[in-house]
Amino acid sequence: MRLSEDMKTAAFARHRVMPVVLSVVLFAATLAVGQARAGVTAFKQAVAEAAASDRDIAAHYRQTDYATIWTGPSAIERARRKALFEALADAPLHGLPADKYDAQGLLAQLRDVQSVRDRGFAEVAMSRVFRDLARDLQTGVLVPQKVVSGIKRQVPDRERADHLQRLARADRPGAFFRALPPQTNEYARLMKAKLRLERQVARGGWGPSVPAGTLKPGQSGRAVVALRDRLMAMGYLSRTAVREYDGAIQEAVQRFQSDHGLETDGVAGASTMAQINKSAGSRLKSVIVAMERERWTNRDRGTRHILVNLTDFLARIVDNDRVTFRTRAVVGRNSHDRRSPEFSDVMTHMVINPTWHVPRSIAVNEYLPKMKQNPNAVSHLRLVDSRGRVVRRSSVNFGAYNARNFPFNIKQPPSPRNALGLVKFMFPNRYNIYLHDTPQKHLFARTERDFSHGCIRLQKPFDFAYALLARQEKDPESFFQSVLNTGRETRVDLEQPVPVHIIYRTAFTRAKGRTQFRRDVYGRDAAIWQALSTAGVSLRAVRG
């Protein structure tokens with residue numbers, strides 16, 4: 001990824017002299033030490049000693065007979081040193097903890113090289129810093145599931161020694177470093193959003209917060225002036241001296257609401273006001289967290305893929321980085337056992353007229369207590385024994401069972417009243433999560449739609465199916481309806497399986513337009529920011 005000139009300027013400019021100084025120091029030290037056999041032996045011993053506590057670095061140097069990566073006089077090693085220190089200077093641009101890598105300390109160690117032994121220790125020190133920086137740039141600072149248990153994502157980590165091996169083979173070290181972060185348009189746009197917010201923080205943010213719980217068109221007074229000024233500072237309203245909540249302010253509020261996933265009624269109600277009063281620093285945290293999350297998914301998403309952003313309550317089909325279909329979604333309720341997990345998998349088929357196989361947790365925790373009180377409760381559901389036979393409720397003493405010994409499965413046969421609706425979309429996974437229709441259509445009218453047990457309900461499941469089938473059926477709608485009209489449960493395979501990515505972004509971008517922000521529905525981004533802060537990531541104010 002190539003950084004723009006203003007981003008380069010915003011980096012730690014004082015580090016820009018490091019590569020030059022470093023090359024001179026190390027080259028002079030190398031000449032002074034010489035290449036005598038005793039010197040080579042001392043160098044190897046020093047490298048082995050310095051790397052003894054790091055199995056991967058030690059193994060790399062043993063396998064290469066202690067060949068230098070950084071501290072020799074060759075042109076390629078000078079280029080590596082230069083590229084490393086430039087990457088260290090740019091670390092804050094990526095929202096990484098610059099102090100973790102201690103570029104100044106590393107430079108001081110290199111300046112103090114006086115012997116072959118010193119050079120061996122410096123060699124390993126550079127490899128340690130490089131390895132940490134490369135991994136953080138490529139796949140993130142944090143291990144996501146250690147921070148939030150609901151993040152089931154498999155981060156595309158490389159073997160720890162792999163970065164050293166790949167760098168040693170690279171003929172252009174600068175290009176090697178630039179290729180480490182995600183090469184997506186989203187990541188590049190997030191970096192630009194981060195810089196804009198850092199500059200806004202340096203200017204004092206967006207000014208005083210609005211001292212009102214709600215404001216409506218037609219009102220006037222001090223709070224309306226504060227709203228006006230804040231909307232101007234955020235770029236939603238052109239400069240004006242108006243003191244009344246007029247049509248221009250109403251339109252500005254609507255634009256703000258659209259960018260923040262709120263109902264676009266132009267009224268600054270409680271939800272809208274809470275978002276308007278968020279500080280620039282708070283938004284900056286969201287962007288930095290989004291960049292870390294983007295690093296966790298630093299792999300090809302697929303030319304065609306399905307993207308579900310849990311905070312946005314939307315499901316999208318994306319083709320060649322362009323959204324070609326979108327629909328509202330209902331996601332898991334914000335309770336400890338219902339929050340939708342984050343992970344990626346591959347959609348292989350859909351089931352039309354599905355049977356709902358009630359998950360064990362729902363069967364014993366929700367339905368068994370009801371059937372204890374009234375054996376005929378939830379009569380639309382069927383009890384099935386271990387041999388697949390339907391069991392009459394009149395023959396069951398529900399009072400004899402609890403969550404541990406309940407011996408039956410519960411199923412709901414295909415019908416328009418089925419909890420899964422009339423179609424479900426399968427990407428088989430250990431979490432039993434899938435996308436599906438629902439008879440509860442009224443929930444899609446809500447702005448925030450966290451109501452499910454964890455699966456993703458779609459507002460337009462039929463249109464979603466047509467979009468998926470269009471690549472394998474001449475008339476996807478007729479095909480789908482003909483299967484639906486049979487009333488029988490039918491599996492339809494996708495000839496080209498489609499990757500599915502369930503993500504959670506409180507900050508994300510669009511190709512054109514402003515950065516989008518959403519509420520931290522499950523509190524996950526707050527936990528991630530806290531972990532990043534503990535790891536040494538901090539907010540910066542950048543002037544210029």
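The values are calculated or read from the model by the stated rules, or taken from the named source; none is laboratory data. On a predicted model such as this, the values are computed, not experimentally measured, just so you know. Here the Cβ positions follow ideal geometry from the backbone for every residue, glycine too, while neighbour counts run over all protein chains shown. With ligands, DNA and RNA removed, areas are computed over all heavy atoms of the protein, side chains included. Shrake-Rupley method; radii C 1.70, N 1.55, O 1.52, S 1.80 Å.
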Inset, instruction - Can you confirm whether segment 481-495 contains a residue that is modelled with pLDDT of 95 or more, in contact with a Gly (Cβ under 8 Å, 6 or more places away or on another chain), of a type in the set (A, V, I, L, M) and under 25 Å from Thr303 (Cα atoms)? - result: no
Inset, instruction - Mind listing whichever residues of segment 420-449 are surrounded by fewer than 19 Cβ atoms within 10 Å (Cβ to Cβ) and among the small types (Gly, Ala, Ser)? - result: Ala445
Inset, instruction - Check whether at least one residue in segment 50-68 is assigned to a helix (DSSP H, G or I), in contact (Cβ under 8 Å) with a residue 12 or more places away in the chain, more than 23 Å from Glu159 (Cβ to Cβ) and open to solvent by less than 50 Å² (accessible area, probe 1.4 Å), and report yes or no. - result: no
Legend entry - Verdict on Ser482 being out of contact with any helix residue (DSSP H, G or I) (no Cβ under 8 Å at 6 or more places or on another chain), open to solvent by 60 Å² or more (accessible area, probe 1.4 Å), in a loop (DSSP other than H, G, I, E, B) and among the polar types (S, T, N, Q): no
Legend entry - Pairs with Cβ under 8 Å, 6+ apart, first in segment 388-400 and under 16 Å from Ala377 (Cα atoms), second part of a loop (DSSP other than H, G, I, E, B): Val391/Asp385; Val391/Phe408; Arg393/Pro375; Arg393/Asn376; Ser394/Pro375; Val396/Pro375; Val396/Phe408; Phe398/Pro375
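Given the options Ser53, Ser127, Ser74, Ser115, name the one that is closer than 30 Å to Ala290 by Cα and among the polar types (S, T, N, Q).
On the way: Ser53 fails: closer than 30 Å to Ala290 by Cα; Ser74 fails: closer than 30 Å to Ala290 by Cα; Ser115 fails: closer than 30 Å to Ala290 by Cα.
Only one candidate passes the filter, namely Ser127.
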Legend entry - Every pair of residues 6+ apart whose Cβ atoms lie under 6 Å, when the first sits in segment 503-529 and is without any contact (Cβ under 8 Å) to a residue 40 or more places away in the chain while the second is open to solvent by 10 Å² or more (accessible area, probe 1.4 Å) and assigned to a loop (DSSP other than H, G, I, E, B): Ala526/Asp520
Legend entry - Test for Ala32: is it open to solvent by 30 Å² or more (accessible area, probe 1.4 Å), out of contact with any helix residue (DSSP H, G or I) (no Cβ under 9 Å at 6 or more places or on another chain), of a type outside the set (Asp, Glu) and at pLDDT below 95: yes
Inset, instruction - Give just the number: which of (1) exposed (fewer than 15 other Cβ atoms within 10 Å of the Cβ); (2) within 22 Å of Asn309 (Cβ to Cβ) does Thr139 not satisfy? - result: (1)
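Mind checking which residues of segment 98-140 are among the acidic types (Asp, Glu), over 16 Å from Asp54 (Cβ atoms) and over 25 Å from the mean Cα position of the chain (by Cα)? Show your work before the answer.
At the first step, the residues of segment 98-140 found to be among the acidic types (Asp, Glu) are 99, 102, 112, 118, 123, 132, 136.
From the residues that got through so far, the ones that are over 16 Å from Asp54 (Cβ atoms) too are 99, 102, 112, 118, 136.
The answer is Asp102, Asp112, Asp118.
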Inset, instruction - Output the residues belonging to segment 147-179 that are assigned to a helix (DSSP H, G or I) and in contact (Cβ under 8 Å) with a residue 60 or more places away in the chain. - result: Val147, Leu164, Gln165, Leu167, Ala168, Pro173, Gly174, Phe176, Phe177, Arg178
Inset, instruction - Can you run down the residue pairs with Cβ atoms below 9 Å, 6 or more apart or on separate chains, where the first is in segment 198-220 and in contact (Cβ under 8 Å) with a residue 60 or more places away in the chain and the partner is in a loop (DSSP other than H, G, I, E, B) and among the polar types (S, T, N, Q)? - result: Val201/Ser279; Gly205/Ser279; Trp206/Ser279; Ser209/Asn277; Ser209/Ser279; Val210/Asn277; Ala212/Gln219
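I need a count of the residues in segment 485-521 that are assigned to a loop (DSSP other than H, G, I, E, B) and under 30 Å from Gln254 (Cα atoms). Explain how you work it out, then say what you get.
Step one: list which residues in segment 485-521 are assigned to a loop (DSSP other than H, G, I, E, B), which gives 485-489, 504-506, 509-515, 518-521.
With under 30 Å from Gln254 (Cα atoms) added as a condition, the list becomes 504-506, 509-515, 518-521.
Count: 14.
Tell me yes or no: at least one residue of segment 362-377 is closer than 30 Å to Pro144 by Cα, modelled with pLDDT of 95 or more, open to solvent by 20 Å² or more (accessible area, probe 1.4 Å) and not β-branched (Val, Ile, Thr).
no
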Inset, instruction - State the number of residues belonging to segment 90-122 that are of a type in the set (Val, Ile, Thr) and either in a loop (DSSP other than H, G, I, E, B) or exposed (fewer than 15 other Cβ atoms within 10 Å of the Cβ) (or both). - result: 1
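Return a yes/no flag: does segment 408-429 have any residue that is farther than 25 Å from Thr324 by Cα and within 31 Å of the chain's Cα centre (by Cα). Spell out how you get there, then give the answer.
Here is the first cut: in segment 408-429, the residues farther than 25 Å from Thr324 by Cα are 408-419, 429.
Applying the additional criterion that residues be within 31 Å of the chain's Cα centre (by Cα) yields 419, 429.
Scanning segment 408-429 turns up at least one residue that is farther than 25 Å from Thr324 by Cα and within 31 Å of the chain's Cα centre (by Cα).
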Legend entry - Yes/no for Ala252 being open to solvent by less than 10 Å² (accessible area, probe 1.4 Å), under 19 Å from Ile502 (Cβ atoms), not in a loop (DSSP other than H, G, I, E, B) and not polar (S, T, N, Q): no
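Tell me, please, whether a residue that is of a type in the set (A, V, I, L, M), in contact (Cβ under 8 Å) with a residue 12 or more places away in the chain, open to solvent by less than 10 Å² (accessible area, probe 1.4 Å) and within 22 Å of Arg518 (Cβ to Cβ) can be found in segment 450-465.
Just the residues of segment 450-465 that are of a type in the set (A, V, I, L, M), to begin with: 456, 458, 465.
With in contact (Cβ under 8 Å) with a residue 12 or more places away in the chain added as a condition, the list becomes 456, 458, 465.
Going one step further and asking which of them are open to solvent by less than 10 Å² (accessible area, probe 1.4 Å), we end up with 456, 458, 465.
Subset that is within 22 Å of Arg518 (Cβ to Cβ): 456, 458.
Among the residues of segment 450-465, at least one is of a type in the set (A, V, I, L, M), in contact (Cβ under 8 Å) with a residue 12 or more places away in the chain, open to solvent by less than 10 Å² (accessible area, probe 1.4 Å) and within 22 Å of Arg518 (Cβ to Cβ), which makes the answer yes.
Yes or no, residue by residue, for (1) on the phi > 0 side of the Ramachandran plot; (2) out of contact with any strand residue (DSSP E or B) (no Cβ under 8 Å at 6 or more places or on another chain):
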position: Ala470; (1), (2): no, yes
position: Lys474; (1), (2): no, yes
position: Glu477; (1), (2): no, yes
position: Arg488; (1), (2): no, yes
position: Val498; (1), (2): no, no
position: Arg505; (1), (2): no, no
position: Gly513; (1), (2): yes, yes
position: Phe517; (1), (2): no, no
position: Asp520; (1), (2): no, yes
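Given the criteria open to solvent by less than 50 Å² (accessible area, probe 1.4 Å), under 22 Å from the mean Cα position of the chain (by Cα) and not hydrophobic (A, V, I, L, M, F, W, C), does Arg514 qualify?
Details: open to solvent by less than 50 Å² (accessible area, probe 1.4 Å): no; under 22 Å from the mean Cα position of the chain (by Cα): yes; not hydrophobic (A, V, I, L, M, F, W, C): yes.
Criteria not met by Arg514.
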Legend entry - Residue count for segment 163-178, restricted to those that are within 24 Å of the chain's Cα centre (by Cα) and at pLDDT below 95: 1
